[in-house]
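Visitor: Below: one structure in structure tokens.
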Amino acid sequence: MLNNAPIGIYDSGMGGLSIHRAVRQLLPRESLIYLGDGKHCPYGSRSREEVARLADEAVGHLVSLGCKLVVVACNTATAAAIEALRAKYAPMPIVGMEPAIKPACLQTKSRVVGVLATERSLDGELFRRTAARYGADIEVLTAAGRGFVELVEEGREASVEAVECVGAVLRPMLERGADQIVLGCTHYPFLLGAMQRAAEGYAVNFIDPSAAVARRVGQLLEVNNLACDPAHEATEEFVTFADEAYREALEAKAHL
């Protein structure tokens, strides 16, 4: 059975556009609705309870718009709310963000990996479980990307300030020998260029989970018989809890 209803993608702000881009590339016929909260961004230092409430409101809004599957394209919201969201909105599939520690631990040669994420994500049970499972004999270094989200939200990811900001966080990991760096927030792939500049001279691989998340979306569409008609003409919509200017900024960034 074919289903031409849209896929919903939700983030605290603009970061989830990295997931939106990957889903669009892999599933070009699927219609997408992107919800960038904007009004409450960033989430990283908010309480778990507040983030869970915001996530519930956002997913509920996407459900009201007719979405057949929702991607919680926000590591902080996933850590705070994914199990409650899946229980509340079952049987609709909900895809969350899991820190890409597994591929980092499988690929490392130095036996040292770094994880960049928000404070709330690093404090989450999902992160602790994943790190314990795959990083038992590997040194897993963690750091909160303070200021990273704001750089992306303000369109300053290619600035000299961005290189300095990410470099201050990255350098201690690189000096300890980390050869794999996990981007544990969907905003962070937008800072990849700045990170690569800051890491010049080091042999390091940055792991962006966007493509893996898109593949998971495709798998769930097939398993749940939710894939669209192959001839379906895809539509895109951008919504926010902020103002129209922010909605327009989301749409513009999605098409850069």
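Visitor: Among the residues of region 152-182 satisfying the criterion of being in contact (Cβ under 8 Å) with a residue 40 or more places away in the chain and buried (at least 22 other Cβ atoms within 10 Å of the Cβ), which is nearest to Ala100 (Cα to Cα)?
Guide: In this case the residue turns out to be Val182.
Visitor: While we're here: Taking the residues in region 116-125 that are touching a Ser or Thr at 6+ places or on another chain (Cβ under 9 Å) and part of a helix (DSSP H, G or I) as candidates, determine which candidate is modelled with the lowest pLDDT.
Guide: Checking each candidate, the answer is Arg120.
Visitor: Then there's this: Name the single residue that is farthest from the chain's Cα centre (by Cα) among those in region 24-72 being surrounded by 24 or more Cβ atoms within 10 Å (Cβ to Cβ) and acidic (Asp, Glu).
Guide: So the residue we want is Glu30.
Visitor: Here is a further query. Pairs only if they're at least six apart or on different chains, beta carbon under 6 angstrom, first in region 212-230 and surrounded by 12 or more Cβ atoms within 10 Å (Cβ to Cβ), second among the small types (Gly, Ala, Ser); list them, first residue then second.
Guide: Going by the 6 Å Cβ cut-off, the qualifying pairs are Ala214/Ala22; Leu221/Ala227.
Visitor: May I pose another question? If we keep just the residues of region 27-67 that are aliphatic (A, V, I, L, M) and touching a Lys or Arg at 6+ places or on another chain (Cβ under 7 Å), which is nearest to Phe241 (Cα to Cα)? Before you say what the answer is, go through the steps one by one.
Guide: Going residue by residue through region 27-67, those that are aliphatic (A, V, I, L, M) are 27, 32-33, 35, 51-52, 54-55, 58-59, 62-63, 65.
If we keep only those that are touching a Lys or Arg at 6+ places or on another chain (Cβ under 7 Å) too, we end up with 32, 51.
Details: Leu32: 17, Val51: 14 Å.
The selected residue is Val51.
Visitor: Moving on. For the condition out of contact with any Phe, Trp or Tyr (no Cβ under 6 Å at 6 or more places or on another chain), in the same structural domain as Val71 (by TED's automatic domain parsing) and of a type in the set (Gly, Ala, Ser), what is the one hit in Gly193, Gly167, Gly218, Gly177? Write out each step before concluding.
Guide: Details: Gly193 fails: in the same structural domain as Val71 (by TED's automatic domain parsing); Gly167 fails: in the same structural domain as Val71 (by TED's automatic domain parsing); Gly177 fails: in the same structural domain as Val71 (by TED's automatic domain parsing).
The match here is Gly218.
Visitor: Sticking with this one: Can you tell me how many residues within region 66-82 are of a type outside the set (A, V, I, L, M) and either without any contact (Cβ under 8 Å) to a residue 40 or more places away in the chain or part of a loop (DSSP other than H, G, I, E, B) (or both)? Can you show your working first?
Guide: Taking region 66-82 and keeping what is of a type outside the set (A, V, I, L, M), we get 66-68, 74-76, 78.
Now restrict to residues that are either without any contact (Cβ under 8 Å) to a residue 40 or more places away in the chain or part of a loop (DSSP other than H, G, I, E, B) (or both): 66-68, 74.
So the count comes out to 4.
Visitor: Checking the structure you have, find out if any residue of region 109-127 is surrounded by 19 or more Cβ atoms within 10 Å (Cβ to Cβ) and touching an Asp or Glu at 6+ places or on another chain (Cβ under 6 Å). Step through it out loud before you land on a result.
Guide: Keep residues of region 109-127 that are surrounded by 19 or more Cβ atoms within 10 Å (Cβ to Cβ), which gives 113-118, 120-122, 124, 127.
In the following step, the residues that additionally are touching an Asp or Glu at 6+ places or on another chain (Cβ under 6 Å) were identified as none.
So far as region 109-127 goes, no, none of its residues is surrounded by 19 or more Cβ atoms within 10 Å (Cβ to Cβ) and touching an Asp or Glu at 6+ places or on another chain (Cβ under 6 Å).
The rows are residues; the columns are (1) outside any helix (DSSP H, G or I); (2) within 19 Å of the chain's Cα centre (by Cα).
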position	(1), (2)
Met97	yes, yes
Leu106	no, no
Lys109	yes, no
Gly114	yes, yes
Asp137	yes, no
Thr142	yes, yes
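Visitor: Identify the residue in region 73-108 that is of a type in the set (D, E, K, R) and modelled with pLDDT of 95 or more and, among all such residues, is surrounded by the most Cβ atoms within 10 Å (Cβ to Cβ). Break it down into steps so the answer makes sense when it comes.
Guide: Residues of region 73-108 of a type in the set (D, E, K, R): 83, 86, 88, 98, 102.
So of that shortlist, the ones also modelled with pLDDT of 95 or more come out as 83, 86, 88.
On the way: Glu83: 14, Arg86: 18, Lys88: 14.
So, considering only residues that are of a type in the set (D, E, K, R) and modelled with pLDDT of 95 or more, the one surrounded by the most Cβ atoms within 10 Å (Cβ to Cβ) is Arg86.
Visitor: Starting from region 83-96, take each residue that is at negative phi and list its partners that are assigned to a loop (DSSP other than H, G, I, E, B) and surrounded by 20 or more Cβ atoms within 10 Å (Cβ to Cβ), counting only C-beta distances under 8 angstrom and pairs at least six apart or across chains.
Guide: Cβ pairs passing all conditions: Met92/Cys67; Met92/Lys68; Pro93/Leu226.
Visitor: Please enumerate the residues belonging to region 194-208 that are in contact with a Pro (Cβ under 7 Å, 6 or more places away or on another chain) and not acidic (Asp, Glu). Give the steps one after another, and end with the answer.
Guide: Pass one, region 194-208, residues in contact with a Pro (Cβ under 7 Å, 6 or more places away or on another chain): 207-208.
Across region 194-208, the qualifying residue is only Ile207.
The values are calculated or read from the model by the stated rules, or taken from the named source; none is laboratory data. A quick note: this is a predicted structure, and the numbers were derived from the prediction, not measured. Please note: Cβ atoms are built from the backbone with ideal geometry, for glycine as well, and neighbour counts cover all protein chains shown.
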